[in-house]
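The values are calculated or read from the model by the stated rules, or taken from the named source; none is laboratory data. This is a predicted model, so every value here is computed, not measured. Reconstructed Cβ throughout: ideal geometry from the backbone, glycine too, with neighbour counts over all protein chains shown.
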Amino acid sequence: MAGRQRVRGVKASRQKLERAMAEKGFETQIQLARYMAKIEKRTSPPKDLVNKVFREQPVAFHNISRIAIALDVEAHTLFFSASDTPMCDLLSQQAPAKHQSSFAAQLISKLRGC
């Protein structure tokens, strides 16, 4: 396995996360992070964790469970599955490059590496 790095963790589907957020009444990721901090009795919201999960990056199962508890769903309902389209693919298909802002173009180019 020379040159290869093992990636551990579980990925969540952004589409499933956003659907669960909408059903729970959250409009933004920061609202979710603040609610998590409140129910976990923490002083600071886990913004980086929430952001990482929404970017469909692999995280420990227990971290997806934390988000699932805040969203009042079972953790397995948030998992990325073979039938899900990666968010980076959806973003790159949304608009031709000539109609994108420079910020959106930069974001898409960063996400293509996912």
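Sort through PHE103, PHE61, PHE54 and tell me the only one that's outside the structural domain of LYS24 (by TED's automatic domain parsing) and either at pLDDT 95 or above or not small (Gly, Ala, Ser) (or both). It would help to see each step written out before you state the result.
Numbers: PHE61 fails: outside the structural domain of LYS24 (by TED's automatic domain parsing); PHE54 fails: outside the structural domain of LYS24 (by TED's automatic domain parsing).
Within the list PHE103, PHE61, PHE54, the selection yields PHE103.
So that you can scan it fast, the table gives a plain yes or no per residue for (1) in contact (Cβ under 8 Å) with a residue 12 or more places away in the chain; (2) hydrophobic (A, V, I, L, M, F, W, C):
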position: ARG14; (1), (2): yes, no
position: ARG19; (1), (2): no, no
position: GLN29; (1), (2): yes, no
position: ALA33; (1), (2): yes, yes
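Of all residues in region 1-37, count the ones that are of a type outside the set (A, V, I, L, M, F, W, C) and surrounded by 11 or more Cβ atoms within 10 Å (Cβ to Cβ).
Initially, region 1-37 is screened for residues of a type outside the set (A, V, I, L, M, F, W, C), giving 3-6, 8-9, 11, 13-16, 18-19, 23-25, 27-29, 31, 34-35.
Narrowing further to those that are surrounded by 11 or more Cβ atoms within 10 Å (Cβ to Cβ): 9, 11, 13-16, 18-19, 23-24, 29, 31, 34-35.
Number of matching residues: 14.
Which of the residues belonging to region 39-53 are of a type in the set (S, T, N, Q) and outside any loop (DSSP other than H, G, I, E, B)? Outline the logic, then answer.
Filtering region 39-53 for residues of a type in the set (S, T, N, Q) gives 43-44, 51.
Correct list: ASN51 only.
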